[in-house]
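In what follows, a structure is listed as structure tokens, so that the remarks can point back to it.
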There are 2 protein chains.
Amino acid sequence: MGRKPGTDSTTAHPSSSHVTLAVVLQVRAGSLAALLWQRAQDPFAGRWALPGGYLDPGETLEQSSRRHLAVKVDVRELAHLEQLATLSEPDRVPGEWQLATAYLGLVPSDLDPVLPADTGWHPIDRLPPPAFDHGAIVLAGRERLRGKLSYTNVGFALAPEEFTLSELRDLYAAALGHAVSATNLQRVLVRRDVIEPTGSRRAPGPVGGRPGALYRFRERRLAITDQFAVLRPPGPARAAAS
Amino acid sequence: MGRKPGTDSTTAHPSSSHVTLAVVLQVRAGSLAALLWQRAQDPFAGRWALPGGYLDPGETLEQSSRRHLAVKVDVRELAHLEQLATLSEPDRVPGEWQLATAYLGLVPSDLDPVLPADTGWHPIDRLPPPAFDHGAIVLAGRERLRGKLSYTNVGFALAPEEFTLSELRDLYAAALGHAVSATNLQRVLVRRDVIEPTGSRRAPGPVGGRPGALYRFRERRLAITDQFAVLRPPGPARAAAS
DNA sequence: GCAAAAGTGTTGTGTCTACACCCATGT
DNA sequence: ACATGGGTGTAGACACAACACTTTTGC
């Protein structure tokens, strides 16, 4: 049967249990970082695991993921949450046949949720030793984010409400893992109507330099912005938004 | 507990059960068609469902999907199978809390597997009344296919080993749902090294016309061919395949 | 005035669509 | 010869990268 919360884990194994796991990503100090907690007990004592836990009867997978996450991160701080995949290899967890549905969650860079002592952010290209197959899941989350940054507006989930273009460039650069030009990023995102200027400017800093104009994302829900590059329908079917 | 094969389905429901479902698509007679079987019993007696069934202990989700599919379609006829999503809404199946992991399977257009009497192909834009939430799952499968046709080589899974360009154009047109130009399709796929000429030509038909050159897909495993359109890394980092 | 950061103008390139034109086959 | 389909050549439209140049701030 599905594992009931509170059941002693030393009982004979049911046919399967099901957990949800979340790859929560945020750009911190110029690097893409993942939220991990350090296991105190075997298996994999001392190694780092994704936040998550058992699925409760009657809840959806997304609710389960949000519920387990609420222990680590205030749920309202998650700007986006989407399902990644469900893993089912019989040996992915020792001693138990455990299905895991992984989610990708994104936290805007201006938030800093309070975390329990055993939990922390880790730059994604210097992960500490992972528990189970969680290392691979984190990488799958990064790939998903990279892809969606290119053809959707997911950027909104990494950015604060308002930002300058250089700040946004740094977020994209950290998430994509390569240099990004603020000049070209602006033109791409404005042409696609993904971002718009707010009209105000950031207060000038102490180091000099022209203060940057502030922008915001037009939509803060996921939308596809590159309606597919290739193999478009024929004809003069290009409608322009006003 | 996970439902064991042969268990009477009238026993009390466990906390959850888990099934796999497959959206199997093939281009038939110029239309994209999905494989469905007609339910004999309630719930949803007479309505059409996706092939699939309960997950057995110790098998992976993909193995489960292939196993259930083997009843309907010879597994070797599936050119591609990938996971779509896992559904968990508590009310998606009446009287039972059932998780379902959906897969997308593709069958090349030159195959015609033998099917059980209750099973058949249905053009995807004129589906018969679906059981459960299977209508939405089929549409999700089509969306996935459309997207991947644009930036991967999935076309191989819809096409026979060898084909002319007009045949391939018809497959793409059926799957994408809009007209496709054979001229441009050829140039896109050849430039990206997705297809190559075999050297031979199709035997001339009875209606006249120049016989078409035969092509094949270079790879018959999924590969990303449009390494992302936008937000590429900077610099002269364009390597060309030989 | 000078350094630093932001923003704009402009040019070049690659990739795709559209369409005209040529080629090969059957009747 | 002519109809029917296959294939190539070429021109135009975008969208993007790169980079020079201008603007606005602090010192």
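Each reported figure results from applying straightforward, stated rules to the coordinates on display, with no laboratory input. Remember, it's a predicted structure, so these values are computed and weren't measured experimentally. All Cβ positions, glycine included, derive from the backbone under ideal geometry; neighbour counts span all protein chains shown.
At-a-glance table
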{"read-out": "Additional length obtainable on full extension of the chain from A:D110 to A:D42, 0.36 nm per residue less Cα span", "value": "21.0 nm"}
{"read-out": "A:A117 versus A:A136: modelled label distance in nm, points set 7 Å from Cα along the beta carbon direction", "value": "3.4"}
{"read-out": "For A:D133, distant residues with modelled amide H under 5 Å away", "value": "none"}
{"read-out": "Bridge type composition, chain B - antiparallel percent by DSSP, nearest 5", "value": "75"}
{"read-out": "Exam field: B:T152 pseudo-label spacings to other copies (7 Å along Cα-Cβ), nanometres", "value": "1.6"}
{"read-out": "Karplus-derived 3J(HN,Hα), 6.51/-1.76/1.60, for each residue of region A:146-163, Hz, glycine and proline x", "value": "4, x, 5, 4, 7, 10, 10, 9, 3, x, 4, 7, 9, 9, x, 3, 10, 6"}
{"read-out": "Separation of alpha-carbon centers, region A:103-154 and region B:113-159, rounded to whole Å", "value": "33"}
{"read-out": "Fewest-first ranking of A:Y103, B:Y215, A:Y54, using other Cβ atoms within 10 Å as the exposure measure", "value": "A:Y54, B:Y215, A:Y103"}
{"read-out": "Neighbour-limited loop hits for trypsin sites (Lys or Arg not before Pro), region A:120-200 (at most 11 other Cβ within 10 Å; DSSP other than H, G, I, E, B)", "value": "A:R126"}
{"read-out": "Built amide H within the under 5 Å cut-off of B:T152, gap 5+", "value": "B:T225"}
{"read-out": "Largest-first ellipsoid semi-axes for region B:137-187, taking √(5λ) over the Cα gyration tensor eigenvalues, angstrom", "value": "19, 12, 10"}
{"read-out": "Which of A:W48, A:W97 has the fewest Cβ neighbours within 10 Å, and the rest in rising order", "value": "A:W97, A:W48"}
{"read-out": "Shape category assigned to the protein assembly as shown from the gyration tensor of Cα positions, a/c cut at 1.5", "value": "oblate"}
{"read-out": "Charge tally in the Cβ shell below 15 Å around A:L127, where Lys, Arg are +1 and Asp, Glu are -1, A:L127 excluded", "value": "+2"}
{"read-out": "Dipole in debye (nearest 20) - chain B, about Cα centre, beta carbon charges: Lys, Arg +1; Asp, Glu -1", "value": "940"}
{"read-out": "Shortest-first nm distances, B:P204 label point to equivalent points in other copies (7 Å, Cα→Cβ)", "value": "8.1"}
{"read-out": "Percent antiparallel among DSSP beta bridges (both partners in region A:18-143, rounded to 5)", "value": "70"}
{"read-out": "Under-5 Å amide H pairs with B:L21, H placed in peptide plane, nonlocal only", "value": "B:T101, B:A102, B:Y103"}
{"read-out": "In region A:144-183, the GluC sites (Glu not before Pro) that fall in loop regions by DSSP, at most 16 other Cβ within 10 Å", "value": "A:E161, A:E162"}
{"read-out": "Overall Cα dimensions of region B:22-87, principal axis frame, Å, largest first", "value": "39, 33, 23"}
{"read-out": "Cα gyration tensor shape for region B:70-131, rounded if a/c is under 1.5, else prolate or oblate", "value": "prolate"}
{"read-out": "Inter-copy separations for B:A70, label at 7 Å along Cα-Cβ, nm, ascending", "value": "4.4"}
{"read-out": "Global form of region A:71-188, assessed from the alpha-carbon gyration tensor, a/c cut-off 1.5", "value": "prolate"}
{"read-out": "Spin-label zone in region A:70-86 - amide nitrogen under 20 Å from a point set 7 Å from the Cα of B:E89 along the C-beta vector", "value": "A:81-86"}
{"read-out": "Rounded D (µm²/s) - chain A, Kirkwood Rh over Cα pairs, Stokes-Einstein at 37 °C, 0.692 mPa s", "value": "166"}
